Amino acid sequence: MTLTEGIFAELKGRRVALVYSFPKPSDPPHRWYDRWKSRVLMSHGEALERIGVHPLYCDVDSFIRQASCGQLSEIDAVISLNAGVRPVSHFALIPAVAQWFQMPIIPCTADVIMAGERKDLGNSIAIRAGLRVPTVYQAQEIDLARTARTLIVKPRDLGGSFGLKRIAGKQLTEAEFAGGKIVQEFVAGFDVTIPVFVDARTGALQVAHATVYRPSYPDPTSWIYDRDAKEAYVGGTGVASVERIQFPLKQCAVDRIRTFADMIGVDCFARIDFRLEAVSADNVEPITAEQLAFIEINPMPTVCTGLAFVESVRSWVACNLPAETEGLGRSLDPSDDYDIIAYVLGHALARQLGPAKMDDRNQVGS
């Protein structure tokens with residue numbers, strides 16, 4: 001089956017709204033999102049066109065206004081690209097509006113965003129799914145936390161690594177717990193990101209290969225992919241010495257990650273971040289569940305050319321789906337980021353527009 005045959009043939013001619021947010025002057029600065037705006041929209045638009053889908057580009061305000069006035073009646077689905085550094089409730093806006101007007105939403109519903117972006121809830125669900133979660137210290141445990149060599153302090157519900165910092169345990173103060181901040185054990189090793197994405201034929205989630213960030217750094221196991229690193233590295237300047245390497249996962253790790261994503265409610269795609277506990281990023285394949293320490297889930301990951309999400313899926317496709325590398329009316333090029341994005345978005349759309357999903361739109365609790 002190719003991406004233009006079978007379940008994907010049903011997508012040809014569909015119209016999908018790409019809803020993107022633009023920062024207001026009062027928003028915290030997030031330079032890398034500003035740089036990504038055109039690139040993200042272009043990535044989605046080009047990928048959708050490769051599977052015969054017509055993209056409609058609109059900002060958040062225009063989408064809400066037109067949806068309320070019934071001017072989006074010909075839209076078959078909505079893809080929310082409402083990104084940036086803002087309260088988690090803002091992320092849920094587009095999915096909530098889309099669901100209110102019974103429009104299929106990608107990549108996730110509002111409740112999934114709330115459960116995933118709230119890092120304290122994400123930790124609780126990860127533990128239930130059998131994932132390893134670094135020790136979290138409560139305010140009343142400050143004396144115990146101060147005995148730790150190194151700690152991570154991060155906001156409870158902001159994305160983009162905004163406010164994330166690594167401190168020595170002895171530097172911990174009561175102020176670090178303010179506003180529900182999470183104070184957590186630091187795991188020496190390497191940052192890892194792992195996408196999950198739906199197979200529309202079965203409705204099951206696939207777990208892609210892990211992308212490990214290996215920095216050229218005096219003490220690489222102490223480096224974290226924080227806000228400063230993203231400002232310098234993702235934008236393409238400054239930290240060109242961070243290498244991204246893909247590794248497969250042991251089946252136990254795959255199973256636990258899939259269980260976690262299912263429990264959160266992912267039904268299109270998402271990205272889950274971990275720390276890989278290792279002294280070196282060499283010779284770690286396949287990665288075991290015990291080596292991975294859960295950081296967070298991103299229910300609305302940035303899917304864009306040149307990023308780790310695409311690289312992880314590409315690596316997985318090359319190893320697992322040789323029969324599916326014929327797509328788009330020609331041979332799917334695994335080195336073409338747009339083809340990989342088309343593959344992920346095509347499965348997500350086919351899933352959301354399939355009879356099983358459409359039939360339960362009016363069901364309470366669906």
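The table for this structure:
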item	result
Heavy-atom accessible surface of region 85-185: percent carbon and sulfur, 1.4 Å	53
From the C-alpha gyration tensor of region 54-149, square roots of 5λ in Å	38, 14, 10
Value of relative contact order over region 55-110, rounded to a whole percent, pairs C-alpha under 8 Å and six or more apart	35
Scaled radius of gyration (Cα, divided by 2.2 N^0.38 Å) that region 78-223 gives	1.22
Calculated over region 103-153: convex hull of Cα atoms, volume per residue (Å³)	112
Among 135-144, 272-281, the order from most to least packed when residues are scored by Cβ within 10 Å on average	272-281, 135-144
Violating pairs (Cα-Cα greater than 29 angstrom) within the set Lys170/Lys250; Lys37/Lys170; Lys37/Lys250; Lys12/Lys119; Lys181/Lys250; Lys37/Lys119	Lys170/Lys250; Lys37/Lys170; Lys37/Lys250; Lys12/Lys119; Lys181/Lys250
Leu144-Asp262 pseudo-label distance in nm [points 7 Å out on the Cα-to-Cβ vector]	3.3
Rounded accessible area of His90 (nearest 10 Å², 1.4 Å probe)	90
Separation between Cα centres of region 252-298 and region 154-225, rounded to whole Å	11
Contour excess over end-to-end distance, with Cα ends at Ile127 and Arg166 and 0.36 nm allotted per residue	11.8 nm
Share of alpha-carbon pairs per 5 Å distance bin for region 40-110, given as whole %	3, 15, 27, 26, 19, 8, 1
Cα-based Rg of region 181-321 normalised by 2.2 N^0.38 Å, two decimals	1.02
Distant-in-sequence amide H partners of Ile105 (H built 1.01 Å from N, under 5 Å)	Val78
Accessible surface, per residue, of region 275-323 when the full set of protein chains is kept, probe 1.4 Å, Å²	37
Average accessible area per residue (Å²) across region 75-141 - probe 1.4 Å, nucleic acids and ligands excluded	39
Using θ = phi - 60° and Karplus 6.51 cos²θ - 1.76 cosθ + 1.60, couplings along region 102-109 (whole Hz; Gly, Pro as x)	6, 9, x, 10, 10, x, 7, 8
Potential lengthening between Arg65 and Arg244 on full extension [0.36 nm per residue; Cα-Cα distance subtracted]	60.3 nm
Inter-site label distance for Asn320 and Ser73 at 7 Å from Cα along Cβ, in nm	4.2
Karplus-derived 3J(HN,Hα), 6.51/-1.76/1.60, for each residue of region 299-305, Hz, glycine and proline x	x, 10, x, 6, 9, 7, 4
Amide H within-cut-off set for Arg14, under 5 Å, with H built and near neighbours excluded	His54
Segment Arg201-Tyr57, extension gain: residue separation times 0.36 nm, minus the distance between their alpha carbons	49.0 nm
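The values are calculated or read from the model by the stated rules, or taken from the named source; none is laboratory data. Here the structure is a predicted model, which means the values were calculated and not measured. With ideal geometry, Cβ positions are generated from the backbone for all residues, glycine too; neighbour counts draw on all protein chains shown. We work out accessible area using only protein heavy atoms, side chains counted, and drop any ligands, DNA or RNA first. Shrake-Rupley method; radii C 1.70, N 1.55, O 1.52, S 1.80 Å.
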